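The values are calculated or read from the model by the stated rules, or taken from the named source; none is laboratory data. Only a predicted model underlies this, so the values are computations on that prediction, with no experimental measurement involved. Please note: Cβ atoms are built from the backbone with ideal geometry, for glycine as well, and neighbour counts cover all protein chains shown. All accessible areas refer to the heavy atoms of the entire protein, side chains included, with ligands and DNA or RNA removed. Shrake-Rupley method; radii C 1.70, N 1.55, O 1.52, S 1.80 Å.
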Amino acid sequence: MANHVHYAVNFHQINDAAKAKLQEMFSRIREDTNYRWLSDIFVEGDLTYEETEKYAWTTEHIGPKWSYIEDYEVDTDEPYFNGEAAWSAPEMGLVKLLEILEEYDPNIITSMTYEDEMPNFIGVYVYEGSECYDGFEDEWEELRDRVIAESENLTEESWNEDEEEWVDEEAEDTFRDEMWEVIGDSQWELISESIEQIKADQAERNIEL
């Protein structure tokens, strides 16, 4: 059974035209199935639901073999959607979506965060238009080191490198207690700094024009 990867997409800057297109694409999601499949939003013209359900199509256009949406909201200042995917985040699907939306808003700013259920890895990416502006992915070892570096209760000696395990249950429990806060803080730090810089760059380009 595939590991589930939770993902969240947020549109931090998007104009009304792109919002309307996003709403129209979300309206294609079928409600009579067990899941709200992310691939449904791309059904248009000759591309059918039957075609987008195929493994070959999803792996080529979405990334994971399956990905569904749990929740979404468009009628808000910062539209969003989130859900689950198999083994990896649906980054290819997001880029495919952004390539459509940037035709309506070339200045759209979007972020994606994701975490494997273990977590074996976590990540965050920020996009200007459909181009990745900045981001990172931490494998478990990198995440472990990140938590240790930011913790007031853990040190490098808390992890036994030779045995590849925590030195005791207290160290492991501390790591588990602090891990998700560190993940959220590190993801949001990159997002907020990237948004600030992208908006500054866009303002400078507008002045030059």
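Annotations
- Qualifying residue in the stretch 108-118 (condition: open to solvent by less than 10 Å² (accessible area, probe 1.4 Å), modelled with pLDDT of 95 or more and of a type in the set (Phe, Trp, Tyr)): yes
- Restricting attention to the stretch 194-205, the residues that are open to solvent by 100 Å² or more (accessible area, probe 1.4 Å) and either more than 20 Å from the chain's Cα centre (by Cα) or in contact (Cβ under 8 Å) with a residue 40 or more places away in the chain (or both) add up to 2.
- Residue check for Asp105: part of a strand (DSSP E or B), touching a residue at least 12 places away in the same chain (Cβ under 8 Å) and farther than 16 Å from Tyr7 by Cα: no
- Residue list for the stretch 1-19, restricted to those being closer than 16 Å to Thr110 by Cα and either open to solvent by 60 Å² or more (accessible area, probe 1.4 Å) or within 21 Å of the chain's Cα centre (by Cα) (or both): Tyr7, Ala8, Val9, Asn10, Phe11, His12, Gln13, Ile14, Asn15, Asp16, Ala18, Lys19
- Test result for Val43, of a type outside the set (S, T, N, Q), touching a residue at least 40 places away in the same chain (Cβ under 8 Å), open to solvent by less than 30 Å² (accessible area, probe 1.4 Å) and touching a helix residue (DSSP H, G or I) at 6+ places or on another chain (Cβ under 6 Å): no
- Evaluation of Val147 against the conditions (1) over 13 Å from the mean Cα position of the chain (by Cα); (2) β-branched (Val, Ile, Thr); (3) closer than 21 Å to Lys65 by Cβ shows that the sole unmet condition is (3).
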